[in-house]
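Structure, as structure tokens:
The values are calculated or read from the model by the stated rules, or taken from the named source; none is laboratory data. These numbers come from a predicted model, not from an experiment. We place every Cβ from the backbone using ideal geometry, glycine too, and count neighbours over all the protein chains shown.
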Amino acid sequence: MIDLRTLREDPDRLRASQRVRGEDDSVVETLLSLDERRRAALNNFESLRAEQKSIGKSVSRASGDERQSLLDRAKELAAQVKAAETEAAALASELDELLMTVPNIVEEGAPPGGEDDYVVLEEIGEKPVFDFEPRDHVELGELLGAIDIERGAKVSGARFFFLTGVGARLQLGLLNMAMQQAIEAGFTPMITPVLVKPESMQGTGFHVAHDKEIYRLPEDDLYLVGTSEVPLAAYHSDEILDPRALPLRYAGWSSCFRREAGSYGKDTRGIIRVHQFDKVEMFSYCRPEDSHEEHLRLLAWEKEMLEKVELPYRVIDTAAGDLGTSAARKYDCEAWIPSQGRYRELTSTSNCTDFQARRLKVRYKDEDGKPHHVATLNGTLATTRWIVAILENHQQADGSVVVPKALRPYVGLDVLEPLSR
């Protein structure tokens, strides 16, 4: 959640952030009013409580009419203290509830606007030129015995699939290569839970009561994660971290689950938009003043992975209205998909500043022993969707697919051959 002190000292910053996101900036006045009323109610409670304690001490020393007067006042104060405490608690609850709905303050420099208002920062690599009619990843996957969508639908329904044979080897190789790169960069490898408590989901920035993308197990009050960002963000909840250990970097490998509730009619062919996939996710805890540079480092590691698998791609600066609740700034790397003649997202890295850490109560102490909230950042290092781009960009006329050189030791093959051979 946003910092109340920042809100009080610079409300125009939140107003501007709300506007570039396309959100209602009147929430700022509501927050300021609630905060002022809460603080007034708390001061009233503390003043009455102090008087109550003072009278309590005086009663034992008083006698006669004075004692009775003090006892009468003590009785009145007891009711007033209880009422003041109830009012302060109610206002604090109302303020916290509203704060949980307000998105992070957008980093200066992020483009304003919505989903289509991104800014292309760079394009890297040459798009392949084929002297044959290129196949899409579904046709290639069937020729190679790598992807079985028909049986995925039979077993589990639409937007499910099996990775078989070389398809399974390709995913395992890709994710293992991503994890190895992360380890060499100093990340701690993690296999994370895929079921989390509601407070973990909400602390990361998801609205569990309203987000239709999330799978919920109501009998257990647990949620299936759409990214290992969630358990990694909650990993240090309610902890004070050693500042000497920062930045703390983790690489989480998990299956991810998304309902794709708003995707009716979109990407119905293939494995681009599915309910279940695997991913290696980078996650970093650092000092807030270091978060901008840390964000650029995560982006550089993503680019390094994309170049290892020899994909043409571009980097975009995501517009404010498409950032999501927690991100202050987000960069996406989009690979060229020949069958679609356009770029599609393969990685995303977000700087969430101290927004998640405030919700999850993750702090560190400075040199003077004063606690501060950390900043959290996340970034995709590889996912199942990468298979789409690898198959399509590295295909040959006979339906075989050349495995990128850096990936070959992890897959154990130089070329993926059609089953008919």
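Summary table
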{"item": "Residue selected from the range 1-57 under the condition in a loop (DSSP other than H, G, I, E, B) and under 22 Å from the mean Cα position of the chain (by Cα), by the criterion nearest to Ala233 (Cα to Cα)", "result": "Met1"}
{"item": "For Glu150: the one exception among (1) assigned to a strand (DSSP E or B); (2) without any contact (Cβ under 8 Å) to a residue 12 or more places away in the chain; (3) not hydroxyl-bearing (Ser, Thr, Tyr)", "result": "(1)"}
{"item": "Top-ranked residue of the range 251-282 - restricted to ones that are more than 16 Å from the chain's Cα centre (by Cα) and aliphatic (A, V, I, L, M), ranked as nearest to Tyr223 (Cα to Cα)", "result": "Ala261"}
{"item": "Selected residue [surrounded by fewer than 20 Cβ atoms within 10 Å (Cβ to Cβ) and assigned by TED's automatic domain parsing to the domain that holds Ser339] from Ser228, Ser254, Ser200, Ser237", "result": "Ser237"}
{"item": "For Thr353: the one exception among (1) over 22 Å from Val119 (Cα atoms); (2) part of a loop (DSSP other than H, G, I, E, B); (3) under 15 Å from the mean Cα position of the chain (by Cα)", "result": "(1)"}
{"item": "Leading residue by the ranking (nearest to the chain's Cα centre (by Cα)) among those in the range 368-404 that are in a loop (DSSP other than H, G, I, E, B) and of a type in the set (A, V, I, L, M, F, W, C)", "result": "Val374"}
{"item": "The range 85-105 - residue that is of a type in the set (S, T, N, Q) and in a loop (DSSP other than H, G, I, E, B) and, of those, surrounded by the fewest Cβ atoms within 10 Å (Cβ to Cβ)", "result": "Thr101"}
{"item": "Residue in the range 265-286 that is surrounded by the fewest Cβ atoms within 10 Å (Cβ to Cβ), counting only those that are of a type outside the set (S, T, N, Q) and within 16 Å of Ala327 (Cα to Cα)", "result": "Cys286"}
{"item": "Subset tally (residues that are more than 20 Å from Leu248 (Cα to Cα), among the charged types (D, E, K, R) and in a helix (DSSP H, G or I)) for the range 284-311", "result": "4"}
{"item": "Total residues in the range 214-241, condition under 23 Å from Glu281 (Cα atoms) and either of a type in the set (Asp, Glu) or not in a strand (DSSP E or B) (or both)", "result": "16"}
{"item": "Hits in the range 411-421 - residues which are surrounded by fewer than 19 Cβ atoms within 10 Å (Cβ to Cβ) and outside any loop (DSSP other than H, G, I, E, B)", "result": "Val415"}
{"item": "Qualifying residue in the range 192-209 (condition: touching a Pro at 6+ places or on another chain (Cβ under 7 Å), at pLDDT 95 or above, at negative phi and hydrophobic (A, V, I, L, M, F, W, C))", "result": "yes"}
